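Q: I am attaching a structure below and will ask some questions about it afterwards.
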Amino acid sequence: MMRAWILPMLLVLSGSAVAAGRLFNGSPGTATAILLAFLALAGVSSPLVFPRSIGAEEAQRRSALDGRPVVFWRPGCKYCIRLRIRLGRGARQLHWVDIWRDPAGAAAVRAANDGNETVPTVVVAGRPHTNPDPEWVRDQLSPSA
């Protein structure tokens, strides 16, 4: 779990250091803008942006019942962030599995991607799709989901 927070913590610490330097140079406005930018980057790269993750087995079980896709992701992945942001509210309809928290999820991604942990990997109707277009993923959501 700690690994998921390394990048956001580094961004906050770096932003704080750069902002402190600007503040001591007499530029409080610039310091504030820099700190806010780094905090925004830390927020986007943190696990907080994503819906609550569940285990791979539970996600696959739920997907079999309701037909909704399963998304395997990891914190800090720019393609996962792109998918999450472009899906908007629709992201909450998917089952999200953090492969850094769930070894079974990581194994499922490796099995689908020739041994690589390439994310996002979206499983729709039992078929994996690596880094699919967010519009395509949105189209896979049923209207009743």
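Q: Of all the helices (runs of 4 or more DSSP H) wholly in segment 1-98, which have at least 2 residues that are among the small types (Gly, Ala, Ser) and surrounded by 13 or more Cβ atoms within 10 Å (Cβ to Cβ)?
A: Passing ranges, in order: 6-24, 28-45, 56-66.
Q: I'd like the full set of residues that are of a type outside the set (S, T, N, Q), over 16 Å from the mean Cα position of the chain (by Cα) and surrounded by fewer than 16 Cβ atoms within 10 Å (Cβ to Cβ), limited to segment 111-133.
A: ALA111, ASP114, GLY115, ALA125, GLY126, ARG127 - these are the residues of segment 111-133 that are of a type outside the set (S, T, N, Q), over 16 Å from the mean Cα position of the chain (by Cα) and surrounded by fewer than 16 Cβ atoms within 10 Å (Cβ to Cβ).
Q: Now, a different point. Yes or no: VAL12 over 22 Å from PRO134 (Cα atoms), touching a Phe, Trp or Tyr at 6+ places or on another chain (Cβ under 7 Å) and modelled with pLDDT of 90 or more?
A: yes
Q: What number goes with the only condition from (1) modelled with pLDDT under 90; (2) under 22 Å from SER45 (Cβ atoms) that SER142 does not pass?
A: (2)
Q: Let me ask another. From (1) in contact with a Ser or Thr (Cβ under 8 Å, 6 or more places away or on another chain); (2) more than 23 Å from ILE6 (Cβ to Cβ); (3) β-branched (Val, Ile, Thr), pick out the condition that doesn't hold for VAL137.
A: Only one criterion is unmet by VAL137, namely (1).
Q: Right, here's the next one. When you scan segment 99-110, do you find a residue that is part of a loop (DSSP other than H, G, I, E, B), out of contact with any Phe, Trp or Tyr (no Cβ under 7 Å at 6 or more places or on another chain) and of a type in the set (Gly, Ala, Ser), even just one?
A: Within segment 99-110, not a single residue is part of a loop (DSSP other than H, G, I, E, B), out of contact with any Phe, Trp or Tyr (no Cβ under 7 Å at 6 or more places or on another chain) and of a type in the set (Gly, Ala, Ser).
Q: For the structure I just gave you, tell me whether GLU135 is of a type outside the set (Ser, Thr, Tyr), out of contact with any helix residue (DSSP H, G or I) (no Cβ under 6 Å at 6 or more places or on another chain) and at pLDDT 90 or above.
A: yes
The values are calculated or read from the model by the stated rules, or taken from the named source; none is laboratory data. None of the values given here were measured: they were computed from a predicted structure. Virtual Cβ from ideal backbone geometry, glycine too; neighbours counted across all protein chains shown.
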